[in-house]
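J.: Below is one structure. I have some questions about it.
The numbers here are math on the coordinates, done by the rules we state, and not lab data. Owing to the predicted nature of the structure, the values given are computational and were not obtained by experimental measurement. So basically every Cβ, Gly included, is an ideal-geometry build from the backbone, and we count neighbours across all protein chains shown.
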Amino acid sequence: MDSRIGARSLAAALGGWRTRTPTYEALADGIRLLCLDNRVAAHTALPAERELAVTLGLSRATVAAAYRSLRESGHIESTRGSGSITLPQVRRGAGRVFNDGGGIDLQQASPAAWPGLAGIIADVGADAASLVGRPGYDIVGSSELRIAIADRYTARGIPTAPDEILVTNGGQHAIHLVTAALLGPGTTALLETPTYPHATDAIKETGARVTGTPVTVDHGWDLDRAVQTFRRARPTLAYVMPSFQNPTGRSMTALDAATFRAAADAVGATLVIDETTSELSIDGRQPEELDFGPQAVRIGSLGKTVWGGLRVGWVRADRVLIRRLVASRPRRDLGTAEFEQAVATRLLRMMPEILPQRAELLGQGRDAAVAALRQSFPAWTVPVPLGGVSLWVGLDAPLSGSLVLAARREGVLLSAGPRFSVDGGYEAHLRVPFTAPPEQIRDAVAVLSRLWPEVSGRPAAPAVDESEAVAAIV
């Protein structure tokens with residue numbers, strides 16, 4: 001057993017779990033979703049039946065029935081003396097389509113590889129003799145790749161030297177390195193909410209407290225709330241995705257950026273700017289370049305723009321922090337593969353060719369998702385983001401978790417709204433990535449359309465004419 005979750009903490013994580021009858025199955029579903037989303041990690045001890053019953057205001061028999069259902073579905077095991085322990089959840093497949101061809105995975109918001117990638121890999125492989133004579137990995141990053149990354153920042157108006165760049169094993173690795181260096185027990189991190197859930201996980205691993213400031217599809221960042229939260233919480237670090245934010249798709253304005261910068265400066269907080277989706281404009285309207293100040297830490301990667309399987313990311317920061325990250329890195333890994341760095345160096349020179357293809361691919365997926373959802377769910381709020389990888393859809397009932405679990409049983413994997421929350425809520429939201437091929441997106445929406453009346457207890461709404469749904473995409 002690695003950890004334990006108390007009854008009050010579990011109750012807070014469950015949120016609005018009473019979404020179906022019988023009550024014990026609603027509770028079991030709520031815990032299943034926490035396990036599937038990794039909000040409750042494997043090998044975590046759940047509260048004793050009596051303790052959880054008191055906290056939730058239920059009978060012990062109801063909690064016992066919920067735990068029995070979880071044992072039967074393979075989510076927990078119960079042993080005398082150890083209580084009930086969560087079990088690892090094995091995914092049915094990998095990527096967007098299950099290996100057995102029997103379902104669609106829309107949990108991973110990563111597009112298919114750029115079509116020219118295989119050719120670049122082959123070209124680098126042909127020159128492998130120049131690589132295999134060296135150790136094969138590099139803890140700082142090759143000078144060629146760091147120069148290429150620094151040049152791209154400089155071209156954006158952010159003067160950068162190669163020694164202000166650290167190459168990492170993808171964007172997620174960069175987030176872990178930065179948060180582990182800057183945070184620890186007794187510190188606080190401010191995040192947007194909703195936000196990228198793996199960033200929240202990385203921050204919580206440091207022992208830091210987390211606090212959220214809201215961002216919405218319609219209104220963007222609540223600047224008044226943000227300033228108040230900075231003043232009240234006095235965070236050490238603030239993590240934001242200012243361009244095509246995940247999951248809302250919103251982008252900051254110059255006023256938004258200036259407000260966050262001033263609020264962070266006032267309390268001495270470090271702004272960590274996640275730019276992994278910043279180049280994924282769909283309609284040719286690239287977000288404006290934003291000034292977060294010279295001390296802002298910027299994180300980027302090729303995971304969304306080229307391929308998720310190319311594990312190359314980077315941190316752009318001042319030299320002092322870069323040296324600190326390099327010194328701490330061996331505790332996690334020994335460096336980034338030189339072969340992948342050589343591939344990345346060539347790709348960065350080709351971004352003017354790569355990005356238009358990504359825009360076309362993502363545009364097709366976005367338009368298919370918007371049209372299908374608006375046709376099947378006229379009462380839902382379906383936005384049309386200008387870029388990014390997903391839709392942040394507003395449901396007409398707070399049943400996101402129940403819908404996700406029902407869809408999983410039918411072979412469609414999605415992430416419920418609460419997975420993206422910092423401090424609870426979003427049961428009336430669903431993230432729908434549009435990175436899969438359009439036909440798979442339409443098939444997934446068809447499954448949701450068939451399940452929603454059962455989940456919500458409402459008759460199916462009359463579908464909107466397809467031509468009207470398509471015409472609504474602007």
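J.: Around Gly268, under 13 Å between beta carbons, what's the net of Lys plus Arg minus Asp minus Glu among the other residues?
T.: +2
J.: Once R0 is set to 51 Å, what does the formula 1/(1 + (r/R0)^6) return for the Cβ-Cβ distance between Arg450 and Ala128, expressed as a FRET efficiency to the nearest 0.05? Don't skip to the end; give the middle numbers.
T.: Numbers: r = 50 Å, r/R0 = 0.99.
The value I calculate is 0.50.
J.: Roughly what percent of Cα-Cα pairs across region 1-47 reach past 18 Å?
T.: Working: 260 of 1081 pairs.
Taking all Cα-Cα pairs of region 1-47, the fraction more than 18 Å apart is 24 percent.
J.: Here's another thing I want to ask about it. Which whole-angstrom value gives the distance between the alpha carbon centres of region 40-72 and region 251-307?
T.: 42
J.: Could you sort 300-311, 437-448 so that the peptide with the highest average Cβ count within 10 Å comes first and the rest follow in order?
T.: Top to bottom by mean Cβ count within 10 Å: 300-311, 437-448.
J.: So if I restrict to the alpha-carbon atoms in the chain, what is the Rg, and what is Dmax, the biggest pairwise distance, in Å?
T.: 22.8, 69
J.: Dipole of the chain (Lys/Arg Cβ +1, Asp/Glu Cβ -1, origin at the Cα centre): which of Phe434, Thr19, Asn246 lies farthest to the positive side?
T.: In the chain, that residue is Thr19.
J.: Just the C-alpha atoms of region 253-335: what Rg/Rh do they give, with Rh taken as the Kirkwood radius?
T.: Rounded to two decimals, Rg/Rh equals 1.02.
J.: Could you pull the Rg and Dmax for region 1-83, using just the Cα atoms, both in Å?
T.: 11.5, 32
J.: Given q = 0.14, 0.20, 0.23 Å⁻¹, what are the Debye log10 I(q)/I(0) values for region 267-386, with equal point scatterers placed on the Cα positions and solvent ignored?
T.: At q = 0.14, 0.20, 0.23 Å⁻¹ the computed log10 ratios are -0.81, -1.21, -1.36.
J.: Suppose the chain between Arg68 and Ala327 were pulled fully straight at 0.36 nm per residue; how much longer would it get relative to their current alpha carbon spacing?
T.: Separation in residues times 0.36 nm, less the Cα-Cα distance, equals 88.4 nm.
J.: Additional query: Can you give the Kirkwood hydrodynamic radius for region 153-259, in Å, rounded to one decimal and based on Cα pairs?
T.: The answer is 14.9 Å.
J.: Related question: Which value results for Rg/Rh of region 315-474 when Rg is the Cα radius of gyration and Rh the Kirkwood radius based on the inverse mean 1/r? Mind showing how you got there, number by number?
T.: On the way: Rg = 20.4 Å, Rh = 18.5 Å.
That ratio equals 1.11.
J.: Going out from 0 in 5 Å bins, what whole percent of all Cα-Cα distances in region 214-299 drops into each bin?
T.: With 5 Å bins starting at 0, P(r) equals 3, 15, 27, 27, 19, 7, 2, 1.
J.: With axes computed from alpha carbons, what is the tilt in degrees of helix 338-349 against the longest principal axis of the chain, rounded to the nearest 10 within 0 to 90?
T.: 80
J.: With viscosity set to 0.692 mPa s and temperature to 37 °C, compute the Stokes-Einstein D of region 17-176, Rh being the Kirkwood radius across alpha carbon pairs; µm²/s, no decimals.
T.: Taking Rh from Cα pairs, D becomes 158 µm²/s.
J.: Go through region 193-204 residue by residue and turn each phi into a ³J(HN,Hα) via Karplus (6.51, -1.76, 1.60, θ = phi - 60°); whole Hz please, and just put x for glycine and proline.
T.: 9, x, 8, 5, x, 6, 5, 4, 4, 4, 5, 5
J.: Something else: When the chain is fully extended, how far beyond the present Cα-Cα distance does Asp265 get from Ala379, taking 0.36 nm per residue of separation?
T.: Value of the extension gain: 36.8 nm.
J.: Taking the Cα atoms only, what angle lies between the long axis of helix 223-233 and the longest principal axis of the chain, rounded to 10 degrees?
T.: Taking Cα atoms only, the helix is inclined about 90 degrees.
J.: Also, quick follow-up: Cα axis of helix 400-409 to longest principal axis of the chain: angle in degrees, 0 to 90, nearest 10?
T.: The angle comes out near 90 degrees.
J.: What translational D, rounded to a whole number of µm²/s, comes out for region 379-434 from Stokes-Einstein when the hydrodynamic radius is the Kirkwood one over Cα pairs, at 37 °C and 0.692 mPa s? All intermediate terms of the calculation are to be shown ahead of the outcome.
T.: Numbers: Rh = 11.6 Å.
Translational diffusion coefficient: 283 µm²/s.
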